[in-house]
Amino acid sequence: MRHILKLHVRKRALLASLLIFNMLMATRVILSRSVHPLLLKRTPFLRSAPKHLPKSQSCPLWSSSFSFCLSLHKSATTNPSLSSRPCSSLSATAMASSASVDEALEANPLLQDFDFPPFDVVDAKHVRPGIRALLKKLEGDLEELERTVEPTWPKLVVPLEKIVDRLTVVWGLVNHLKSVKDSSELRSAIEEVQPEKVKFQLRLGQSKPIYNAFKAILESPDWQTLTEARKRIVESQIKEAVLSGVSLEDDKRDNFNKIQQELERLSHKFEENVLDATKKFEKLVTDKNEIEGLPATSLGMAAQTALSKGHENATAENGPWTITLDGPSFLSVMQHARNRSLREEIYRAYVTRASSGDLDNTAIIDSILKLRLEKAKLLNYNNYAEVSMATKMATVEKAEELLEKLRSASWNAAVQDMEDLKNFSKSKDAPEAYDLNHWDTSFWSERLRESKFDINEEELRPYFSLPKVMDGLFNLANILFGINVEPADGLAPVWNNDVRFYCIKDSSGSPIAYFYFDPYTRPSEKRGGAWMDEVLARSHVLSRDGASARLPVAHMVCNQTPPVGNKPSLMTFREVETVFHEFGHALQHMLTKQDEGLVAGIRGIEWDAVELPSQFMENWCYHRDTLMGIAKHYETGETLPEETYKKLLAARTFRAGSLSLRQIRFASVDLKLHTDYIPGGSESIFDVDRRVSERTQVIPPLPEDRFLCGFNHIFAGGYAAGYYSYKWAEVLSADAFSAFEDAGLDNSKAVKETGHKFRETILALGGGKAPLEVFVEFRGREPSPEPLLRHNGLLATASA
């Protein structure tokens, strides 16, 4: 999340739905790994408050008096005459009822003062009253801001950041629980208050007093005295305000707001359908011959799933076994099941998820694309891709140019990959050798890799136990960035007993950040993929003591194989890469030195640059010292044999052309759907996918392929007209890692010095500086695609 990410990457924000909240909520979109080759959120509102509403009560933002102030505000605004009556005139029943409501709000964990969110106690019953009370308070704060706003930092940005951050934190808490602890009750509660939340976002994003104040700062004689970060905030907010519809009037604004409300609803419904369709499919297997080839780890997981479904006597050895479409289960069948008909059944089920019956996402996709185009037209853009690119490094043309360069460099290699599979399967007398299909490629790829490099991914699992992997990852972070990661379990509430909590300390031993880690798959309640997201952002404005900044908090979520029996979680090498990837995202959020909360950490970074640190960290999985520090047999402690490491290194570019083309397919169909596709026209979304696949897939997709119906990234996440960002950022990340190669990966002093420079630029500056400028500050020049092509073994092909 590769998802998923996310990301979760969750979750979550719609482009330009508000002035500042949009910029922050863009980071609430799951920062996730890209989709695995097989795997793959309005009503009109008054522009000013009714004049009879009094000024909101002065309440501490994080205070137990919050609900008390709300009740005072409510009694004074809903029926002003009540405030002048003596208490004796109120009935005992009314007083008791009012007291009961006040007590309920007072006890609502969403409204409490907390250093870390109360993930352990928030329930669906808290969402409706909690979010509504919060919105009521924030509406009052917004009215006060608009009444008193001045084009200065203390009178504009400081109060605005407080409003936005409070909603970001609380809504993020609720939405996160939906991703990791889903229930019908929670869904229903979120769905009910979501329109009210979006209504407030739009009210905030279309505030002309705020917009005009930002423009006044830009045009003031003091503009040149602002820091670079503050200039970025002002310029970004003016741009985001326009994208939020601040310039629209009357009917156009009403229409824009309705579109935003509907897009939010549709994206949530899309994601729910994917989750439900994934959960719905189960295949119970009682004959072990049907699953011949599945490794012991997968058999144990399938038996454990069957056990959770009520098959009390299920064992890894004797079954029964339950196959699902959850990532680890699906991939295991695709890569290892000798039963071709089983592979075909599972593959077809996967690529047709959420494409039929009550869970069919086809009409939802059409509606989303139609509304996005309408939104673009209202904002005077030709298409939605142009809207998306307005806040990114690239343009549509530059993105398409990069994808075509990479496609050309990958095509011949991918064709050769398929020839190699055909020849190898023929040598093994496989009946399907002359007609290899999608459900054969992963299986025979795994067999060819085992033969060519003498590497069996399942046999590597014992060397990659989760505790050892995390120890090695944290040691690498210490070497590169001079930080220490320490367990802090018990310091913060968690949403599941498997969740770990960590504290990051600098070289002096002072805490600088915290993060949660939720590693294991839970198909019944947790959506698939892997992602990172912020919980709290670094901010001086939101400092507890007014001196030191509030420390950042992140969470990392994966869906890897859980422990089976007495064995720890034994990871595939790909799962190791995923953990490194998400930790890269988390590091950029946690190691920021930016005190301006609106551009701290991952906030305010252009979306096509945000994958740089995550993909950068993946490179270290192939670094000898790093890998050898991780790869210890969980029983014997034996280090991974040197020859096996060399084989892993050699296998890094195995089928690189094919894997690259799959990503290019996803990115290209995303751009096509958001540029020249006409909703309701003669061509369907699946026609577009097939047209793109002619140039990006050696084997054409099945006629019934509906992978778009499960494409969360672009229909329920932040990657709409932005999936190309993975390849764009991959160029940046490969070039960034090449700085360490140039310095000498075996030169520990040079690695530390380069790591320090990476931390002080890429990780520290956040959204306070343009990403290209940040990259040049680190690398000394603009990025080059050469390192990426070299790392993927495609450089010779590109040159030719």
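So which residues in region 507-541 are of a type in the set (G, A, S) and either surrounded by fewer than 24 Cβ atoms within 10 Å (Cβ to Cβ) or modelled with pLDDT under 95 (or both), if there are any at all? Talk me through it step by step, then tell me what you get.
As a first pass, look at region 507-541 and keep what is of a type in the set (G, A, S): 507-510, 513, 524, 528-530, 537, 539.
Scanning region 507-541 gives S507, S508, G509, S510, S524, G528, G529, A530, S539.
Kindly indicate whether E191 is at pLDDT below 95, part of a helix (DSSP H, G or I) and either over 27 Å from L263 (Cα atoms) or open to solvent by 10 Å² or more (accessible area, probe 1.4 Å) (or both).
yes
Any residue in region 359-383 that's modelled with pLDDT of 95 or more: show its pairings with residues that are open to solvent by 50 Å² or more (accessible area, probe 1.4 Å) and among the β-branched types (V, I, T) at Cβ separation under 9 Å, as long as the two are six or more apart or on different chains.
As it stands, the answer is L373/I678; L379/V242, since those pairs meet every condition given.
Surrounded by 21 or more Cβ atoms within 10 Å (Cβ to Cβ) and part of a helix (DSSP H, G or I): does that describe Q304?
When the stated conditions are applied, Q304 does not pass them.
In region 406-417, how many residues are within 27 Å of the chain's Cα centre (by Cα) and either under 18 Å from L369 (Cβ atoms) or open to solvent by 30 Å² or more (accessible area, probe 1.4 Å) (or both)?
Summing the residues that are within 27 Å of the chain's Cα centre (by Cα) and either under 18 Å from L369 (Cβ atoms) or open to solvent by 30 Å² or more (accessible area, probe 1.4 Å) (or both) in region 406-417 gives 1.
Can we say L202 is out of contact with any strand residue (DSSP E or B) (no Cβ under 9 Å at 6 or more places or on another chain) and either open to solvent by 60 Å² or more (accessible area, probe 1.4 Å) or not in a helix (DSSP H, G or I) (or both)?
Judged against the criteria, L202 is not a match.
So G793 clears everything in (1) touching a helix residue (DSSP H, G or I) at 6+ places or on another chain (Cβ under 8 Å); (2) modelled with pLDDT of 95 or more; (3) surrounded by fewer than 20 Cβ atoms within 10 Å (Cβ to Cβ); (4) on the phi > 0 side of the Ramachandran plot except one condition, right? Which one?
Here G793 clears every test but (2).
Given the criteria closer than 28 Å to G718 by Cα, assigned to a helix (DSSP H, G or I) and open to solvent by less than 60 Å² (accessible area, probe 1.4 Å), does A433 qualify? First the steps, then the outcome.
Values: closer than 28 Å to G718 by Cα: no; assigned to a helix (DSSP H, G or I): yes; open to solvent by less than 60 Å² (accessible area, probe 1.4 Å): yes.
No, not satisfied.
What pairs come up if the first residue lies in region 680-705 and is more than 21 Å from R353 (Cα to Cα), the second is surrounded by 14 or more Cβ atoms within 10 Å (Cβ to Cβ) and aromatic (F, W, Y), and their beta carbons are under 9 Å apart, counting only those six or more places apart or on different chains?
That search, which allows pairs on different chains as well, returns E683/Y677; R695/W411; T696/W411; T696/F666; V698/W411.
Would you say D742 is within 29 Å of E618 (Cα to Cα), in a helix (DSSP H, G or I) and at pLDDT 95 or above? Break it down stepwise before answering.
Values: within 29 Å of E618 (Cα to Cα): yes; in a helix (DSSP H, G or I): yes; at pLDDT 95 or above: yes.
Taking the combined requirement at face value, the residue satisfies it.
Residues that are open to solvent by less than 40 Å² (accessible area, probe 1.4 Å), at pLDDT 95 or above, aromatic (F, W, Y) and not in a loop (DSSP other than H, G, I, E, B): does region 483-500 have at least one?
No, the conditions are met nowhere in region 483-500.
Considering region 621-662 alone, what residues qualify as being assigned to a loop (DSSP other than H, G, I, E, B) and within 24 Å of D420 (Cβ to Cβ)?
Residues of region 621-662 assigned to a loop (DSSP other than H, G, I, E, B): 623, 631, 633-638, 640-641, 654-655.
Hits for region 621-662 are F654, R655.
Looking only at residues that are of a type in the set (D, E) and touching a strand residue (DSSP E or B) at 6+ places or on another chain (Cβ under 6 Å) in region 499-532, which one is farthest from A586 (Cα to Cα)?
My answer is D506.
For K452, work out the one condition from (1) at pLDDT below 95; (2) open to solvent by less than 40 Å² (accessible area, probe 1.4 Å) it doesn't fulfil.
(2)
I want to confirm something. Restricting to region 222-250 and keeping residues that are modelled with pLDDT of 95 or more and under 14 Å from T152 (Cβ atoms), which single residue is most open to solvent (accessible area, probe 1.4 Å)?
Out of the qualifying residues, it is T225.
Quick check, is F707 hydrophobic (A, V, I, L, M, F, W, C) and under 22 Å from M590 (Cβ atoms)? Can you show your working first?
Values: hydrophobic (A, V, I, L, M, F, W, C): yes; under 22 Å from M590 (Cβ atoms): no.
No: the conditions fail for F707.
Going residue by residue through region 153-175, is there one that turns out to be open to solvent by 30 Å² or more (accessible area, probe 1.4 Å), out of contact with any Cys (no Cβ under 8 Å at 6 or more places or on another chain), of a type in the set (K, R) and farther than 20 Å from L542 by Cβ?
No: zero hits.
Considering each residue of region 560-596, count those that are under 14 Å from the mean Cα position of the chain (by Cα) and more than 30 Å from R232 (Cα to Cα), and give that number.
2
Residues of region 310-344 being outside any helix (DSSP H, G or I), in contact with a Pro (Cβ under 9 Å, 6 or more places away or on another chain) and surrounded by fewer than 20 Cβ atoms within 10 Å (Cβ to Cβ), which ones?
Result: H311, N313.
Can you tell me which of (1) part of a helix (DSSP H, G or I); (2) within 21 Å of the chain's Cα centre (by Cα) is the one S693 doesn't meet?
All conditions pass for S693, except number (2).
Quick check, is E196 assigned to a helix (DSSP H, G or I), at pLDDT 95 or above and open to solvent by 50 Å² or more (accessible area, probe 1.4 Å)?
Judged against the criteria, E196 is a match.
The values are calculated or read from the model by the stated rules, or taken from the named source; none is laboratory data. Model, not experiment: these values are computed from the prediction. Note that we place each Cβ from the backbone using ideal geometry, even for glycine, and neighbour counts take in every protein chain shown. Heads up: the accessible areas ignore ligands, DNA and RNA and are worked out on the full protein's heavy atoms, side chains in. Shrake-Rupley method; radii C 1.70, N 1.55, O 1.52, S 1.80 Å.
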